[in-house]
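The values are calculated or read from the model by the stated rules, or taken from the named source; none is laboratory data. Because the structure is predicted, anything quoted here is derived from the model rather than measured. Don't worry about glycine lacking a Cβ; one is built from the backbone with ideal geometry, like all the others, and counts go over all protein chains shown.
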Amino acid sequence: MSDATYVVGITTTDSEEAAETLAAGLVRDELAACVQISSPIKSFYRWEGAVQTDTEWQLWIKTTGELAEVVTSWIREHHSYDVPELVFLPVTAGNPDYLKWITNETRSSQP
């Protein structure tokens, strides 16, 4: 669980279709108020001892800190990668109306 009231989760996937499926599922299941997909990005990383380069789509998941663990479990269950990236960045300030909207859109999923 995150100590932050609001967080932005970041993950990547290997296709636009997979990104859209994850984004729609997170919003449908009320785990995120909004998920934005960034156009293809180029990722460089080390995997199984070799440097890899891939085109990926990045998802920005707007949710609450209380849901960070639930979102992590959901991503692990629905993501195609063996070890999907998922990091949460704390939101330290923002438009109060927008933050309230995040709470309202994820309320029924709160633990």
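Brief remarks follow.
- If you go through the range 77-111 and keep only what is of a type outside the set (Gly, Ala, Ser), surrounded by 13 or more Cβ atoms within 10 Å (Cβ to Cβ) and in a helix (DSSP H, G or I), you end up with HIS78, TYR98, LEU99, TRP101, ILE102, THR103, GLU105, THR106.
- Some residue of the range 11-32 being in contact (Cβ under 8 Å) with a residue 60 or more places away in the chain, more than 14 Å from THR106 (Cα to Cα) and either out of contact with any Phe, Trp or Tyr (no Cβ under 8 Å at 6 or more places or on another chain) or of a type in the set (Gly, Ala, Ser) (or both): yes
Here's the yes/no breakdown for (1) in contact with a Ser or Thr (Cβ under 9 Å, 6 or more places away or on another chain); (2) under 20 Å from GLU66 (Cα atoms):
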site: VAL8; (1), (2): yes, yes
site: GLU20; (1), (2): no, no
site: ARG28; (1), (2): no, yes
site: SER39; (1), (2): no, no
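- Of residues in the range 1-54 being among the acidic types (Asp, Glu) and more than 18 Å from ILE75 (Cα to Cα), the one modelled with the lowest pLDDT: ASP3
- Qualifying strands (runs of 3 or more DSSP E) (wholly inside the range 1-64; at least 3 residues being surrounded by fewer than 19 Cβ atoms within 10 Å (Cβ to Cβ)): 34-47, 50-64
- Flag for THR72 being at pLDDT 95 or above, farther than 17 Å from GLU16 by Cα and not acidic (Asp, Glu): yes
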